[in-house]
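Input: a single structure, listed below in structure tokens.
The values are calculated or read from the model by the stated rules, or taken from the named source; none is laboratory data. Nothing here was measured: the structure is a model prediction, and the numbers come from that model. Here the Cβ is made from the backbone with ideal geometry for all residues, glycine too, and neighbour counts use every protein chain on show.
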Amino acid sequence: MARIWSITWHTFKEAARDRVLYNLIVFALLMIGASILFGQISVGIEGIILVDLGLSSIAVFGLLMAILIGIGLVSKEIERRTIFNLLSKPVHRFEFILGKYFGLLVTLAVNTGVMAAGFYLALFYQKRSLGPEDLLPLGAIYFILLQFALVVAWALFFSCLSTPVLSAVFTFSIYVAGHFLSDLRFFGQETHSRLVSGVTTLLYYLLPNFADFDVITRTAHGDKISGLLFTANSLYALLYVTVLISAAVLVFEEKEFR
Amino acid sequence: MPAIETIDLTKDYAVGFWRKRPKRVLEHLNLEVAAGEVFGLLGPNGAGKSTTLKLILRLIFPTSGAVRIFGSDWRDVSLRARIGFLPENPSFYDNLSAEEFLNYAGSLFRLAAAERRRRAGKLLEQVGLAEVGDIPVRRYSKGMVQRLGLAQALINDPELVILDEPMSGLDPLGRREVRDLILDLKAQKRTVLFSTHILSDAETLCDRVAILHRGRLQGLGEIGEILAVGVASTEIVLEAPPPGVLDSLALAGVPAVRTGERVRLSVQDEVEVERVLEIAVREKVKVVSITPVRMTLEDYFMEKVEKGQPVREKFDRQALSRKG
Amino acid sequence: MPAARELKRFTRLASGVLVVAGLAALVPVQNRIDAENGMYGPIADVLYMPSGGLLGRLSLGNEGLLSAIYWTRAVQYFGSRSLAKQARFELLAPLLRITTELDPHLLIAYRFGAIFLTEKPPEGAGQPEAALDLIRHGIVNNPDYWRFWQDLGFIYYWNLKDYRRAAQAYLIGSRQPGGLFFMKAMAAKILAQGGDPATSYEIWMQLYRQAENEQLRRNAEIHLTAIQATIAMKQLNDLLGRFQEASGHPAKSFEELVAAGWLRGLPFDPSGVPYRIGADGKVALGPKSKVLLYLLE
């Protein structure tokens, strides 16, 4: 336990000092600032644009961060051989995986927190005062974090199998594919072939359904997200992350480091 | 109880793109490293030295065979609390400083924070990194990285220290420092196992060596034994011997090499040495030096390596050397 | 040391179990999420409808794929909303517009759009103008496809009740290369008897036969049964009228007519439910009838 915490903490330290992440945060904050300008150009939709564009910036830049950090997770460690230093000590391999994952999740959470703070600053600047309805974007940010948790878990899993570049490519591809799962299932059903339909339905449940977490538009409209959706999506993310980490542990236990 | 015992350790790798064929990189290695000794694992690149060390540390897994460390099954992760490891060409996290990394390493051994700090400070002194301990490692030179590697290998005060090519990439000063460090470790009664392809290092440091070539153990023994295999030959240098002397020497079957005024004779036999000296004295030729030439580790190595090659491989090597 | 080996085996076992159990548990959770989001799939009501041109450029050469995706979104959007008996289909027209801008030759998108945009809610979006717009673009992009004229004719006929323009469309369509003869016949019929149930029946029958997917076919079918029922009910009302004249009192039920020999058997509507006579003395549908008469209003 203590070892996992140590790995988590030091992974966070190492990742948090990464120059690239700083740049990404700066860009995100710039985008959020820019959304205030966009709002002033048009009529009547300043609030909507700020929320929509602001949250989308957090989602996009956070995704980039998640993938970049994800590369560093295991495959970069293997490539650079830094992993030898750890695994030659009394550390169980699964402790390494868990520590790494949590470390990078914490890093993402902190970065997202910074971006969220920037967002609320912009919101305050625009609205001059904040009311209870302004808590809604927090819900959306929580969902965005859930997405990140999934992305980083995928990056971790691919990292155990493949090179840094390929891991990044695979992770990104899964992210994109995960937004079109209902289309995939619908295609399958329309073909009226039991085999194709069965396969697409299987894929629907097997692949990560990132579209579940897309609530930015709803939030911009001011619609509330139901408590049930919070619970269900949190559970989904938790289950899926567990699956991925367990799979990563399985692979990692057998991995050889030449 | 030996520190390390390898029992029939064998490792195959699957090679090839589609149809994987097994390539044997280590074959039935049986080795014992006694507690408290400095043991050298020698061999050319690709001999299986790194493979052996990584098998001991469970970074890779054997195809067959086993290892015992301090008498216990090497699969026990907790054993590693008593081991320190320096990988070949070590690498560390860019953004952490040496102090931070040592703190990290120490925490993995469940050392208390205060103890970790104390040890880190001391080790950094010992390896000469005290001045730069708080700088991120990405700014370190290769020599500094190597020294940090040594420091982190010792953070847990290990009974057994395993070093993979510890001198690689170091300048002569650095190598001397590492040598001194290993001698220190030995003085502290720790067991040291290190691999190298630089024979002179092994000569000065090791109690015993094992010679690996193409995954097989070609030779094993004490340095002293190997070096004392006998005086291979005696070199006698004569100053300006008149031609007549050389002829009588040539008659005696002694090979001679002339370099300017001096003639260097390579005498195989103790008895012959007497005879040469007798002739030299009789003819009043000045003897510059008499030097017994011992078999070096190099010779021992080459002999073992040559012997170890099956005929087919020798053939290939000749073909390769023809290719130039 | 057995402990080390056991830990490894335990780790392996635990991980394997977690993977399988986790994946299995995902299924009900995902279903719950889908149910909560209320649709066949989570189709968020998008904030800004991008133009098809912009999207096409962004798609980096995958306009066809993107078009197919938007097409399925349009169908899902429509399907899930009619299932939910929702009356608003604001995004249908933009979705179809984007689909056809990405792929101007996706004929089914135009045809689908024509019908469901024209229909009144809750069967359709009730936007005949948008439907006209869509079909006109279809004609421009696919001048050889004469069936668009048929669709145009349908829109004018059905909701706009502009029989002159409808007949004109059918006529132009019949003159296109490949235009079938029935188009001309339709034109004539519309001019002569526009609004007549028999004419409407023929138009819908053409649509039923040519329907390219299940939704279109279903839609045509329910219209056909409604029209069939209307025709049958008119005939039955005439019969009731004559019965009343002949017998001097209005019939109370169809059994009376059967007993009196006016009918051979009880009349059933196209959904297999018997007609009944309402309080006002006119024919009405049985309570369990699946015929949707309101479609014809």
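Restricting to segment B:102-135, give me the number of residues that are facing chain A (nearest Cβ under 8 Å) and out of contact with any Lys or Arg (no Cβ under 8 Å at 6 or more places or on another chain). Don't jump to the end; show me each part of the working.
First, the residues of segment B:102-135 that are facing chain A (nearest Cβ under 8 Å): B:104-105, B:107-110.
Add one more test, that the residue is out of contact with any Lys or Arg (no Cβ under 8 Å at 6 or more places or on another chain), and what stays is B:104.
The qualifying residues number 1.
Out of C:Ala24, C:Ala14, C:Ala74, report the one residue that is more than 10 Å from chain A (Cβ to nearest Cβ), assigned to a helix (DSSP H, G or I) and modelled with pLDDT of 80 or more.
Answer to the check: C:Ala74.
Does C:Leu292 satisfy the condition of being surrounded by fewer than 16 Cβ atoms within 10 Å (Cβ to Cβ), touching a helix residue (DSSP H, G or I) at 6+ places or on another chain (Cβ under 8 Å) and modelled with pLDDT of 85 or more?
no
If you take the residues of segment A:208-237 that are of a type in the set (A, V, I, L, M, F, W, C), surrounded by fewer than 22 Cβ atoms within 10 Å (Cβ to Cβ) and at the interface with chain C (Cβ under 9 Å from one of its Cβ atoms), which of them is nearest to A:Phe148 (Cα to Cα)?
Only one residue fits best here, namely A:Ala211.
Specify the residue that is modelled with the lowest pLDDT; the eligible residues are those in segment A:238-258 that are assigned to a helix (DSSP H, G or I) and more than 7 Å from chain C (Cβ to nearest Cβ).
A:Glu254
For segment B:214-268, which positions are in a helix (DSSP H, G or I), at pLDDT 70 or above and surrounded by 15 or more Cβ atoms within 10 Å (Cβ to Cβ)?
If the condition is that a residue be in a helix (DSSP H, G or I), at pLDDT 70 or above and surrounded by 15 or more Cβ atoms within 10 Å (Cβ to Cβ), then B:Ile223, B:Val245, B:Leu246, B:Ser248, B:Leu249 are the ones that fit.
Tally the residues that are of a type in the set (A, V, I, L, M, F, W, C), assigned to a helix (DSSP H, G or I) and surrounded by 16 or more Cβ atoms within 10 Å (Cβ to Cβ), restricting the search to segment B:164-177.
Residues in segment B:164-177 being of a type in the set (A, V, I, L, M, F, W, C), assigned to a helix (DSSP H, G or I) and surrounded by 16 or more Cβ atoms within 10 Å (Cβ to Cβ): 0 in total.
Could you list, ordered by first residue, the pairs with Cβ atoms under 7 Å in which the first is in segment C:111-129 and among the aromatic types (Phe, Trp, Tyr) and the second is modelled with pLDDT of 85 or more and not in a loop (DSSP other than H, G, I, E, B), at least 6 apart or interchain?
C:Phe116/C:Leu92
Would you point out the residue of segment A:185-207, among those that are more than 10 Å from chain C (Cβ to nearest Cβ) and in contact with a Ser or Thr (Cβ under 7 Å, 6 or more places away or on another chain), that is farthest from A:Leu138 (Cα to Cα)?
The qualifying residue farthest from A:Leu138 (Cα to Cα) is A:Thr191.
Looking only at segment B:178-213, which residues are surrounded by 17 or more Cβ atoms within 10 Å (Cβ to Cβ), assigned to a loop (DSSP other than H, G, I, E, B) and at pLDDT 85 or above?
Answer for segment B:178-213, where residues must be surrounded by 17 or more Cβ atoms within 10 Å (Cβ to Cβ), assigned to a loop (DSSP other than H, G, I, E, B) and at pLDDT 85 or above: B:Arg190, B:Cys206.
In the list B:Arg58, B:Arg75, which residue meets the criterion of being out of contact with any His (no Cβ under 8 Å at 6 or more places or on another chain), within 14 Å of chain C (Cβ to nearest Cβ), surrounded by 20 or more Cβ atoms within 10 Å (Cβ to Cβ) and part of a loop (DSSP other than H, G, I, E, B)?
Only one candidate passes the filter, namely B:Arg58.
Would you check which residues across segment A:185-224 are over 28 Å from A:Ile58 (Cα atoms) and either among the basic types (Lys, Arg) or touching a residue at least 40 places away in the same chain (Cβ under 8 Å) (or both) and list them?
Looking only at segment A:185-224, we keep the residues that are over 28 Å from A:Ile58 (Cα atoms), and these are A:185-203.
Matches in segment A:185-224: A:Arg185, A:Arg194.
Among B:Gly121, B:Gly65, B:Gly84, which is the only one that is surrounded by fewer than 16 Cβ atoms within 10 Å (Cβ to Cβ), assigned by TED's automatic domain parsing to the domain that holds B:Arg21 and not in a loop (DSSP other than H, G, I, E, B)?
On inspection, the qualifying residue turns out to be B:Gly121.
Out of segment A:127-138, which residues are surrounded by fewer than 17 Cβ atoms within 10 Å (Cβ to Cβ) and in a helix (DSSP H, G or I)?
Across segment A:127-138, the qualifying residues are A:Lys127, A:Pro132, A:Glu133, A:Asp134, A:Leu135, A:Leu138.
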